[in-house]
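Trainee: Take this structure first; my questions come after.
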Amino acid sequence: MDENILPYTETRLALAIGLSSVASSDLMEYGDIGTMVLNFTGQSSTGKTTIIQFMASLWGSPRISNFGIVRTFNATTNSLVQTFTGTNGVPIIIDD
């Protein structure tokens with residue numbers, strides 16, 4: 001961690017965002033904060049998928065599939081909405 005994550009701003013931010021889902025889940029006891037959505041955009045081949053897989057690895061398998069934490073848009077709108085139902089404190093990541 002001292003060599004590969006903390007020296008770099010991008011990976012430190014990803015670590016903080018990945019772990020913040022715990023705090024947001026606890027805040028639900030004090031008020032309905034709703035669903036938090038973060039959108040990472042940028043040019044192709046700049047490391048977006050790699051960084052979201054790192055964030056997912058804090059909670060489970062970072063493998064991209066439609067059954068794990070990291071999913072794709074390769075589904076119907078209804079299916080994507082159902083993906084978020086009952087998910088509290090664990091991020092669900094949708095990658096293009």
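Trainee: Applying the selection to region 47-96, what residues are surrounded by 17 or more Cβ atoms within 10 Å (Cβ to Cβ) and of a type in the set (Lys, Arg)?
Mentor: Arg71
Residues are listed down the side, and each one gets a yes or a no for (1) under 22 Å from Val81 (Cα atoms); (2) assigned to a loop (DSSP other than H, G, I, E, B):
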| site | (1), (2) |
| --- | --- |
| Asp2 | no, yes |
| Pro7 | no, yes |
| Arg12 | no, no |
| Gly18 | yes, no |
| Ala23 | no, no |
| Leu38 | yes, yes |
| Ser44 | no, yes |
| Ile51 | no, no |
| Met55 | yes, no |
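Values quoted throughout were computed directly from the atomic coordinates according to the rules given, and no laboratory measurement underlies them. Quick caveat, the model's predicted, so the values are computed rather than measured. Cβ sites come from the backbone with ideal geometry, for glycine too, and all protein chains shown count toward neighbours.
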